[in-house]
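Single-structure report; data block below.
The values are calculated or read from the model by the stated rules, or taken from the named source; none is laboratory data. Keep in mind it's a predicted model, so treat the numbers as computed, not measured. All Cβ positions, even for glycine, are placed from backbone atoms using ideal geometry, and neighbour counts span all protein chains on display.
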Amino acid sequence: MPLPTNITYDCEPTLDDAQVYEFCREGYLVLEDVVDNDVNERTVEFCDRNPSGQPLEILNEDWFVDGVLKNPSAAGAVRSLLGKDFKIPDNISNHRVECPDIAQGWHRDGGSIYTDRLDYLQVFYYPQETTAEMGPTEILPGSHVRRCKSNFINHVRNVKVRVKTVAPAGSIFLTVYSIWHRRGKSTWTGVRNLIKYNYWRTAEPSRDWVIDPDHVFSWPETPPEPGFEQFRREIPAARLFAWLCGEEYEHVGGQGWPCGSPRTPETDQPGLPSGLRRYS
């Protein structure tokens, strides 16, 4: 049976302003335990019968398309980030690992580019519970904006907090495609499945996710980071967020947007796009 191609899907967005901005800053979003157990079990059984690294035939299974690719929690998040009528995956991979195994090197996937746009998402789905002993994917938060080579990332990961995507069965996490990641070291014995696929934008960007009328965009809070890392991802995150809103980004520097502040002055921050202002 021919595989489906160029199929679009629409649904209600589920992320709000703060969550979209956080995604722009961190480069990933974890949705735990959102896929039904029946679908998880059928996915694992399918992968056991079809142990290919590219099990394309699963895209013809309605239970998988409806339960995973169009999963309400995941699709709602994708709709929030890619806009209406996003294109559902027509290619899929299974990073099926015989554990135990050594850790991968840190890398960005092939085809990665650094951009102020978000035209596609790379998505990871765990159909089985994935513990630390099973070598889950590890992510460097905020690394989707870092322009550097692998040897520097190997240094950065020693001082940055890497996130192990330990998660229950049925968890899905969305990433900016260019984020640095790797397969972790596994000590467990058995087979671990990790399904990967992309969604694509078809619509022009606009702020049509869940709007929070009380959200203040000026003077955003910035979590503590090592000194040499401070503020490095704020400007790229703001550029990306402005683009997603359909707004022009103007970098004014200094204490202009998106520079944070311990206290929030009751005024619009210099450089804040006009559509995000509260006072003018």
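Considering only residues that are out of contact with any helix residue (DSSP H, G or I) (no Cβ under 9 Å at 6 or more places or on another chain) and of a type in the set (D, E, K, R), look in segment 46-80 and name the one that is nearest to Val35 (Cα to Cα).
The first filter runs over segment 46-80 and keeps only residues out of contact with any helix residue (DSSP H, G or I) (no Cβ under 9 Å at 6 or more places or on another chain), leaving 48-49, 51-54, 56, 60, 62, 70, 72-73, 76, 78-79.
Checking the rest, the ones that are also of a type in the set (D, E, K, R) come to 48-49, 62, 70, 79.
Numbers: Asp48: 19, Arg49: 21, Asp62: 14, Lys70: 10, Arg79: 17 Å.
Ranking the qualifying residues of segment 46-80, first place goes to Lys70.
Select from segment 241-257 the residues that are more than 21 Å from the chain's Cα centre (by Cα) and not hydroxyl-bearing (Ser, Thr, Tyr) and list them in ascending order.
Passing the criteria: Glu247, Glu248, Glu250, His251, Val252, Gly253, Gly254, Gln255, Gly256, Trp257.
Exactly one of (1) outside any helix (DSSP H, G or I); (2) in contact with a Phe, Trp or Tyr (Cβ under 8 Å, 6 or more places away or on another chain) is unmet by Lys84. Its number?
(2)
Tell me yes or no: at least one residue of segment 32-51 is touching a Lys or Arg at 6+ places or on another chain (Cβ under 9 Å), in the same structural domain as Thr137 (by TED's automatic domain parsing) and under 23 Å from Lys164 (Cβ atoms).
Checking segment 32-51: at least one residue is touching a Lys or Arg at 6+ places or on another chain (Cβ under 9 Å), in the same structural domain as Thr137 (by TED's automatic domain parsing) and under 23 Å from Lys164 (Cβ atoms).
For every residue, the table says whether it meets (1) modelled with pLDDT under 95; (2) aromatic (Phe, Trp, Tyr); (3) more than 21 Å from Val191 (Cβ to Cβ).
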| position | (1), (2), (3) |
| --- | --- |
| Asp10 | no, no, yes |
| Ala18 | no, no, yes |
| Glu45 | no, no, no |
| Asp116 | yes, no, yes |
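Which residue is surrounded by the most Cβ atoms within 10 Å (Cβ to Cβ), if the candidates are limited to segment 174-195 and must be under 21 Å from Pro236 (Cα atoms) and at pLDDT 95 or above?
Here the answer is Val176.
Filter segment 1-42 down to residues that are of a type outside the set (A, V, I, L, M), touching an Asp or Glu at 6+ places or on another chain (Cβ under 9 Å) and either surrounded by fewer than 16 Cβ atoms within 10 Å (Cβ to Cβ) or under 19 Å from Gln122 (Cβ atoms) (or both), then give me how many there are.
The qualifying residues number 8.
How do the pairs read when you match residues in segment 56-70 that are more than 18 Å from Gln128 (Cα to Cα) with residues anywhere that are of a type in the set (Lys, Arg) and surrounded by 18 or more Cβ atoms within 10 Å (Cβ to Cβ), using Cβ under 6 Å and keeping only pairs 6 or more apart or on different chains?
Listed by first residue and then by second, the contacts come to nothing, as the list is empty.
Taking the criterion of being modelled with pLDDT under 95, of a type in the set (Asp, Glu), over 30 Å from Thr8 (Cα atoms) and surrounded by fewer than 21 Cβ atoms within 10 Å (Cβ to Cβ), would at least one residue in segment 198-217 satisfy it?
Yes - at least one qualifying residue is present in segment 198-217.
Which pairs turn up if I take residues in segment 189-200 that are touching a residue at least 40 places away in the same chain (Cβ under 8 Å) and look for partners that are among the hydroxyl-bearing types (Ser, Thr, Tyr) with beta carbon separation below 6 Å, at least 6 apart in sequence or on another chain?
If the second residue must be among the hydroxyl-bearing types (Ser, Thr, Tyr), the pairs left are Ile195/Tyr125; Lys196/Ser93; Asn198/Tyr120; Trp200/Tyr120.
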